[in-house]
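Engineer: Sharing a structure, written as structure tokens. Questions coming.
The values are calculated or read from the model by the stated rules, or taken from the named source; none is laboratory data. On a predicted model such as this, the values are computed, not experimentally measured, just so you know. Virtual Cβ from ideal backbone geometry, glycine too; neighbours counted across all protein chains shown.
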Amino acid sequence: MTNTDTTTNTSGTPNMAQVPDPGRRGAPPSRPPARRRRATPEPDDRSAISTADWRRHGVRRTWRTMHVVMLIILVVWCLGPLLLLAKFAITPTQDILRTPLKIFPNGIAWDNLDKAWNDVHISKYFLNTVYVAAGSWFMQILVATTGGYVLSVLRPRWAKYINGAVLATLFVPAVVLLVPLYLIVLNPPVVGHSMLNTFWAVWLPAGASAFNVVLVSRFFDNLPREVFEAARVDGAGPFRLFRYIVLPMSKPILGVVSVFAVIASWKDFLWPLLVLQNPDLQPLSVRLPSLENTTDKGVLMAALAISTVLPIVLFLVFQRVFLRGAGLGGAVKG
Amino acid sequence: MRFNRSTSVALAGVLSLGLLTACSSSSDDSTTTKPSGTAGADQVTITVAGLEPGAKQDAVDQLNARVAAFETKYPDIKVEPQEYKWLASTFTTQLAGGTLPTVFEIPLTDGKTLIQNGQLADIDAQFKELSYAGDFNKEALAAGTGDDGKVYAIPAKSFYDVTLHYNRDLFTQAGLDPDKPPATWDEIRTDAKAIYDATGVPGYGMMALDNAGGWQLTAAAYSRGGRVQTTDGKTYTATLTDPAVKAQLQWLKDLRWEDNSIYPGADLGWGDINAAFAAGQIAMFTSGSDIYNALVENNGVTADFPYGLAPIPVEGADAGALTGGTFAAVKVDATDAEKEAAVKWIDFWYLSPLLDQTQAVDNATTRAAANQAVGTPVLPIFSRDQYELSLSWVKDQINVPLDHMKPYTDVMFDQPLVGEPSRSTQPTYGLLYPIVQAVLTDKNADIDALLATANTQDQALIDQGKEE
Amino acid sequence: MSKDVVVPVSPPPRGGKVRERARPRNPLTWVRGGGLSSLLFALPLLVIFGVFSWLPIVKALIMSFQETTFVGAATWVGWDNFQNVLNDPLLPIAIRNTAWFALLALIFGYPIPLLAAVLMSEVRKRKGLFSALAYLPVVVPPVVAVMLWKFFYNPTKFGVFNTILGWVGIDPVPWLQDPHLVMPSLVLQATWAAAGGTVIIYLAALTGVPPELYDAAEVDGATVWTKIWHVTLPHLRGVLFITFILQIIGTAQVFLEPYLFTGGGPNNATVTILLLVYKYAFGNSLGAQYGEATALSLLLAIFLAVMSIVYFRMTKRWSS
């Protein structure tokens, strides 16, 4: 069902009303109705192999084996490079260069981490990355929530034009924006002062994410309107409605948008490379490549490892939000 | 709750404006070139090109010490060094973005075009105030002078010719005499093979990444008597198909595919090859004569490093070592006060150690104390006499392995020198480096065809440049 | 229009046109009705999208017909920029490389996530572990991933991959140095970094398979494999169509991998369209060619738009 809708959506006739609410899965009160109980109880989200199938010896053996093989492949392929990076971060440089795959290198070089953090000033670039991510997050949440509120809840007459104009940007590839956006940042309207080498140059454009607006307004579309009405009757104006009714109800979707925002800005490279030329402001992604030549391999690997820790920790902690968000990405991006 | 309508309008305005004006106020903190007006004209702050990304702490300390000395000498000037590295692939962004420091460095080859495009400040008046303004090497100064006869860029950081750098230990290990470095390209090939066979370390390395690859190919071609561009004084002709260029490419190809004695990748740029050499991963490469400075500054090379320096082979008529240099220029929108301060800094940081004994000794002492190289051979910006005199002032501080540089210093003033091609220089290098990459990575690269195509493109670039 | 908020859910929430027309257009009424607060709430969106999304799009259209320099105003040059781009000998190379990258990315990155997702959806215990492992590379910053893999791809016998090859007696491979091998090497890394996201999208789609379909198939006596073939996979068809075109649109704009791994080398073997755009706009030390850069990016955008439309026309019949 989801796929059909996204297809229609992508073909250029987006119809918000028909699209099911992707956020509903996360909305606390709305659990799918329990299915009728059957002879062999299946889990709610059953898949091709039934519980009965699992009881069969042949099926179980085949699939268990496939799953174990797959787990091994996943560990080697997905986790392996990261484990290697973790090992390099505390391996003496000569060992990294000569015997990269030796399980026990000649001693542990905790020194690498210390040097990377202090001498190579990874601490500074780490903080810059945090600033960039925090500001981008704030802008995205601000634009997406207020925008979504106008488009889905307040719904003034002109909302449909705005909505169309926002959706249209989804169809413009990012590359088209690159050069003109750069020139706008150099010479922004009204301000008349280059934003280059300021965090604003990254924060403000980050806010212009149509994807977020679509995600949030679809979620708002499906909030129960009775609640709004009740609030209105109690005398709540649009601001109160937003602050005390809509925002608290949209925590699940805000979680998804936040995770996307933070990870996206942590990963961003080309744009900050262009607009943050001052090394004192550069985030890790921009800074690391320029240190590649002049930094000792062990220290460099420690720097890479440090840069990876935060996103991975975030991922492990907010795994559910991440994975739900990623699934959503597929459903809505089209 | 009823929201007050007029407040909301006001708020809306404030919000949106505040959002945008906030940018301007915060950017003032980071860029300091804003003219301070007439009132506080006494104090002027300039940003200056400092060290490269990843420079070692010692180098940073040394620069800071010189800045402090400068600020003591000129109390009304404040100097803020800014990390700087000229790269063809990033310079435009900085130029367009106005994020260059007040004083920045450009390669000699780009001077003319930048002046024509109006992208450098006219510092003629300030330059003329230098007591030694008339003493510059005429040819060097010419490249920083506009068609209007005014000076826009000052020969500064270094003037050098392309030389051969080699690892003496690897020569010894291969049974070669490190005091007798190879003098022809054939000898380099033989020695590279010997080193590779004996040690497994690539005997030769070639820059192939970015314009640097084209630059080194040009240098080698010129050392074989070739040219990549000729002129009758009026029109300029691209001659990338010159036999010397072909010979050098064939030479590289042979090292790669017959001898296997060259670093097999095409991923070494100017900085990468320094790093590889400093790590003992290649035995020989060609680059500017002053590379030792960078090896110390960025790659942590110390006096123990088995460094050897020799001239590039010079073979055949018209052959010579390719020269090059770095100019100091000033941002086009600098105020007069900033230009004044900028030229004072250029004088202090780049030039006075070459001219003034006290400055020379001060500079050398702080450099030596910070374990930075003192005495690396370069070509004279002024005259040979002046250069040798300045070296004699600091002979106690010299810490570079002079003995191991003798093969070069013995002949540096006697060898023939040639300048870089003067039109569309960097774009020409940009067309050449993919061909260097091709011969190093593709056994079947068709040198003639690649050069013919590049030559057509190069001629078009030269012709385009002429119209402007 | 804020009256809509008050309207109970029963009438269509989008509001009838009749009612709108009937309402008097008095400014006071507009303010009372909450028009102003709507505008206020829309302001962040309008300002941010206006300046950083809509304006640049318009500007791109204008700039592609202009020559922009920093001295003096921009001049109109007609189709010159497009002509220069189309005559650039690097363009066919860039197109070929980009297409090659996209094709390889499809070969590496399209079927494997599908297989993985179908297998993973049958996992009963610790399903979370599987999806977490698969998704892990996606959260690694791409720059870190590329720099790490660049080290893995070291061409000497000490490289990580070459060490592994050495165990089975294979000579060192010049991963990034060989013009024929370099693109597959880039794609391998890109696939490592991206495949997890696709797996999760498929997995999400699979949770939407109506259980009744499986139940019905079981009544008909279907085996596991026939259930997968006749129920699971057909259900993914729509998502597969979407991810296919999305992946092509994404890979057509590949930049980071060639920029950081090879800078477009060796011998232009990894120059992609976006790298060319970058080169025009930012890569020439003697002057930026913004006109050419925007012209080329517009050409790419138009191509992708046309291709998507054709694609959806063609697949409409099968995907629904």
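Engineer: Restricting to segment B:100-121, and then to whatever is at the interface with chain C (Cβ under 9 Å from one of its Cβ atoms) and of a type in the set (A, V, I, L, M, F, W, C), can you tell me which residue is nearest to B:Y350 (Cα to Cα)?
Structural biologist: B:I106
Matching residues to (1) of a type in the set (K, R); (2) out of contact with any helix residue (DSSP H, G or I) (no Cβ under 8 Å at 6 or more places or on another chain):
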residue	(1), (2)
B:V343	no, no
B:W349	no, no
B:A368	no, yes
B:I381	no, no
B:Q397	no, no
B:K406	yes, yes
B:T409	no, no
B:V418	no, no
B:S422	no, no
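Engineer: Sticking with this one: Specify the residue that is farthest from the other protein chains (Cβ to nearest Cβ); the eligible residues are those in segment A:109-140 that are outside any helix (DSSP H, G or I) and of a type outside the set (F, W, Y).
Structural biologist: Among those that are outside any helix (DSSP H, G or I) and of a type outside the set (F, W, Y), it is A:A109.
Engineer: Sort out for me the helices (runs of 4 or more DSSP H) sitting completely within segment C:33-125 that have 2 or more residues that are over 24 Å from C:V277 (Cβ atoms). Spell out how you get there, then give the answer.
Structural biologist: Values: elements: C:35-49, C:55-63, C:80-87, C:90-109, C:111-120.
Here the list reads C:35-49, C:90-109, C:111-120.
Table: residues versus (1) within 12 Å of chain C (Cβ to nearest Cβ); (2) among the hydrophobic types (A, V, I, L, M, F, W, C); (3) crowded, with 22+ Cβ neighbours inside 10 Å; (4) touching a residue at least 60 places away in the same chain (Cβ under 8 Å).
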{"site": "B:H404", "(1), (2), (3), (4)": "no, no, no, yes"}
{"site": "B:D414", "(1), (2), (3), (4)": "no, no, no, no"}
{"site": "B:P421", "(1), (2), (3), (4)": "no, no, yes, yes"}
{"site": "B:Y429", "(1), (2), (3), (4)": "yes, no, yes, yes"}
{"site": "B:L432", "(1), (2), (3), (4)": "yes, yes, yes, yes"}
{"site": "B:D442", "(1), (2), (3), (4)": "yes, no, no, no"}
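Engineer: For segment A:161-200, enumerate the residues that are of a type in the set (A, V, I, L, M), more than 10 Å from chain C (Cβ to nearest Cβ) and buried (at least 24 other Cβ atoms within 10 Å of the Cβ).
Structural biologist: A:M195, A:L196
Engineer: Given the conditions (1) more than 7 Å from chain C (Cβ to nearest Cβ); (2) in contact (Cβ under 8 Å) with a residue 12 or more places away in the chain, which single one is not true for A:W158?
Structural biologist: (2) is the only condition that A:W158 fails.
Engineer: I would also like to ask the following. Does C:A145 satisfy being modelled with pLDDT of 95 or more and assigned by TED's automatic domain parsing to the domain that holds C:L304?
Structural biologist: yes
Engineer: Taking the condition of being within 13 Å of chain C (Cβ to nearest Cβ) and touching a residue at least 40 places away in the same chain (Cβ under 8 Å), how many residues in segment B:266-279 meet it?
Structural biologist: Restricting attention to segment B:266-279, the residues satisfying the condition of being within 13 Å of chain C (Cβ to nearest Cβ) are B:266-272, B:276, B:279.
If we keep only those that are touching a residue at least 40 places away in the same chain (Cβ under 8 Å) as well, we get B:266-272, B:276.
Counting residues in segment B:266-279 that are within 13 Å of chain C (Cβ to nearest Cβ) and touching a residue at least 40 places away in the same chain (Cβ under 8 Å) gives 8.
Engineer: Starting from residues that are acidic (D, E) and free of Cβ contacts under 8 Å to residues at least 24 places away in the same chain, keep the ones in segment B:148-193 and report whichever is nearest to B:Y132 (Cα to Cα). Quick ask: steps written out before the conclusion?
Structural biologist: Going residue by residue through segment B:148-193, those that are acidic (D, E) are B:148, B:161, B:169, B:177, B:179, B:186-187, B:191.
From what's left, free of Cβ contacts under 8 Å to residues at least 24 places away in the same chain: B:148, B:177, B:186.
On the way: B:D148: 21, B:D177: 44, B:D186: 44 Å.
Ranking the qualifying residues of segment B:148-193, first place goes to B:D148.
Engineer: Could you please tell me which pairs satisfy a Cβ distance under 6 Å, a separation of 6+ or placement on different chains, a first residue in segment B:340-353 that is touching a residue at least 24 places away in the same chain (Cβ under 8 Å), and a second residue that is in a helix (DSSP H, G or I)?
Structural biologist: Close Cβ pairs (under 6 Å, with a partner that is in a helix (DSSP H, G or I)) amount to B:E340/B:Q126; B:V343/B:Q126; B:F348/B:F70; B:P353/B:Q359; B:P353/B:A360; B:P353/B:N363.
Engineer: For segment B:106-141, give me the residue count where each residue is part of a helix (DSSP H, G or I), hydrophobic (A, V, I, L, M, F, W, C) and surrounded by 15 or more Cβ atoms within 10 Å (Cβ to Cβ).
Structural biologist: First, the residues of segment B:106-141 that are part of a helix (DSSP H, G or I): B:108-116, B:124-128, B:133-135, B:138-141.
Checking the rest, the ones that are also hydrophobic (A, V, I, L, M, F, W, C) come to B:108, B:114-115, B:125, B:127, B:133, B:140-141.
If we keep only those that are surrounded by 15 or more Cβ atoms within 10 Å (Cβ to Cβ) as well, we get B:108, B:114-115, B:127, B:140-141.
Adding up the residues that qualify gives 6.
Engineer: Any idea how many residues of segment B:42-77 are in contact (Cβ under 8 Å) with a residue 24 or more places away in the chain, out of contact with any strand residue (DSSP E or B) (no Cβ under 8 Å at 6 or more places or on another chain) and within 14 Å of chain A (Cβ to nearest Cβ)?
Structural biologist: Here is the first cut: in segment B:42-77, the residues in contact (Cβ under 8 Å) with a residue 24 or more places away in the chain are B:42-56, B:58-59, B:61-62, B:65-66, B:69-70, B:73-74, B:76-77.
So of that shortlist, the ones also out of contact with any strand residue (DSSP E or B) (no Cβ under 8 Å at 6 or more places or on another chain) come out as B:42, B:52-56, B:58-59, B:61-62, B:65-66, B:69, B:73-74.
From what's left, within 14 Å of chain A (Cβ to nearest Cβ): B:52-56, B:58-59, B:61.
Selection size over segment B:42-77: 8.
For every residue, the table says whether it meets (1) touching a helix residue (DSSP H, G or I) at 6+ places or on another chain (Cβ under 8 Å); (2) modelled with pLDDT of 95 or more; (3) more than 14 Å from chain A (Cβ to nearest Cβ); (4) buried (at least 20 other Cβ atoms within 10 Å of the Cβ).
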position: C:V31; (1), (2), (3), (4): yes, no, no, no
position: C:S38; (1), (2), (3), (4): yes, no, no, yes
position: C:A42; (1), (2), (3), (4): yes, no, no, yes
position: C:T69; (1), (2), (3), (4): no, no, no, no
position: C:A73; (1), (2), (3), (4): no, no, no, no
position: C:N97; (1), (2), (3), (4): yes, yes, yes, yes
position: C:L115; (1), (2), (3), (4): no, no, no, no
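Engineer: Identify, from the list A:K333, A:K297, the residue that is modelled with pLDDT of 85 or more and surrounded by fewer than 22 Cβ atoms within 10 Å (Cβ to Cβ).
Structural biologist: Details: A:K333 fails: modelled with pLDDT of 85 or more.
Every option except A:K297 fails the conditions.
Engineer: Any idea which of A:V68, A:V59, A:V143 is within 30 Å of A:L247 (Cα to Cα) and part of a helix (DSSP H, G or I)? Before you say what the answer is, go through the steps one by one.
Structural biologist: Working: A:V68 fails: within 30 Å of A:L247 (Cα to Cα); A:V59 fails: within 30 Å of A:L247 (Cα to Cα).
Residue meeting the stated conditions: A:V143.
Engineer: Examine segment B:299-322 for a residue that is in contact (Cβ under 8 Å) with a residue 12 or more places away in the chain and part of a helix (DSSP H, G or I), and state whether such a residue exists. Walk me through how you get there before you give the answer.
Structural biologist: So the first thing to find is which residues in segment B:299-322 are in contact (Cβ under 8 Å) with a residue 12 or more places away in the chain, and the list is B:299-303, B:305-322.
Still in the running and part of a helix (DSSP H, G or I): B:299.
So far as segment B:299-322 goes, yes, one or more of its residues are in contact (Cβ under 8 Å) with a residue 12 or more places away in the chain and part of a helix (DSSP H, G or I).
Engineer: I'd like to know if segment B:83-94 contains one or more residues that are more than 24 Å from B:L461 (Cα to Cα), modelled with pLDDT under 85, within 12 Å of chain C (Cβ to nearest Cβ) and in contact with a helix residue (DSSP H, G or I) (Cβ under 9 Å, 6 or more places away or on another chain).
Structural biologist: no
Engineer: List pairs: first in segment C:33-57 and among the aliphatic types (A, V, I, L, M), second surrounded by 24 or more Cβ atoms within 10 Å (Cβ to Cβ), Cβ under 6 Å, 6+ apart or cross-chain?
Structural biologist: Within 6 Å, the pairs are C:A42/A:V150; C:L45/A:V143; C:L45/A:G147; C:I48/A:V143; C:I48/A:G207; C:I48/A:A208.
Engineer: How many of the residues making up segment C:146-199 are of a type in the set (A, V, I, L, M, F, W, C) and closer than 30 Å to A:V321 by Cβ? Can you show your working first?
Structural biologist: We begin by selecting, within segment C:146-199, every residue of a type in the set (A, V, I, L, M, F, W, C); these are C:146-149, C:151-152, C:158, C:160-161, C:164-165, C:167-168, C:170, C:173, C:175-176, C:181-183, C:186-188, C:190, C:192-195, C:199.
Going one step further and asking which of them are closer than 30 Å to A:V321 by Cβ, we end up with C:146-149, C:187-188, C:190, C:192-195, C:199.
Matching residues across segment C:146-199 total 12.
Engineer: Oh, and also: Taking only segment A:178-202 into account, find how many residues are assigned to a helix (DSSP H, G or I), touching a Ser or Thr at 6+ places or on another chain (Cβ under 8 Å) and closer than 19 Å to C:P44 by Cβ. Give the steps one after another, and end with the answer.
Structural biologist: To start, the set of residues in segment A:178-202 that are assigned to a helix (DSSP H, G or I) comprises A:178-186, A:200-202.
Still in the list and also touching a Ser or Thr at 6+ places or on another chain (Cβ under 8 Å): A:178-180, A:183, A:185-186, A:200, A:202.
Checking the rest, the ones that are also closer than 19 Å to C:P44 by Cβ come to A:185, A:200, A:202.
Selection size over segment A:178-202: 3.
Engineer: If I filter segment A:88-96 for residues that are at the interface with chain C (Cβ under 9 Å from one of its Cβ atoms) and more than 28 Å from the chain's Cα centre (by Cα), do I get at least one hit? Write out each step before concluding.
Structural biologist: From segment A:88-96, those at the interface with chain C (Cβ under 9 Å from one of its Cβ atoms) are A:88, A:96; that's our starting set.
Narrowing the set further to residues that are more than 28 Å from the chain's Cα centre (by Cα) leaves A:96.
Yes, some residue in segment A:88-96 is at the interface with chain C (Cβ under 9 Å from one of its Cβ atoms) and more than 28 Å from the chain's Cα centre (by Cα).
Engineer: Moving to a separate point now. At least 1 residues that are in the same structural domain as A:T129 (by TED's automatic domain parsing) and of a type outside the set (F, W, Y) in each: list the helices (runs of 4 or more DSSP H) lying fully within segment A:238-334 that qualify.
Structural biologist: Working: elements: A:251-267, A:270-275, A:284-291, A:297-317, A:319-333.
Here the list reads A:251-267, A:270-275, A:284-291.
Engineer: Which residues, counting only those in segment A:304-324, are more than 9 Å from chain C (Cβ to nearest Cβ) and in contact (Cβ under 8 Å) with a residue 40 or more places away in the chain? Step through it out loud before you land on a result.
Structural biologist: Initially, segment A:304-324 is screened for residues more than 9 Å from chain C (Cβ to nearest Cβ), giving A:306, A:309-310, A:313, A:317-318, A:321.
Of everything in segment A:304-324, those that are more than 9 Å from chain C (Cβ to nearest Cβ) and in contact (Cβ under 8 Å) with a residue 40 or more places away in the chain turn out to be A:I306, A:L310, A:F318, A:V321.
Conditions tested, residue by residue: (1) in contact with a helix residue (DSSP H, G or I) (Cβ under 7 Å, 6 or more places away or on another chain); (2) at pLDDT 95 or above; (3) within 14 Å of B:T286 (Cβ to Cβ).
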site: B:P182; (1), (2), (3): yes, yes, yes
site: B:W185; (1), (2), (3): yes, yes, yes
site: B:A192; (1), (2), (3): yes, yes, yes
site: B:A208; (1), (2), (3): yes, no, yes
site: B:N211; (1), (2), (3): yes, no, no
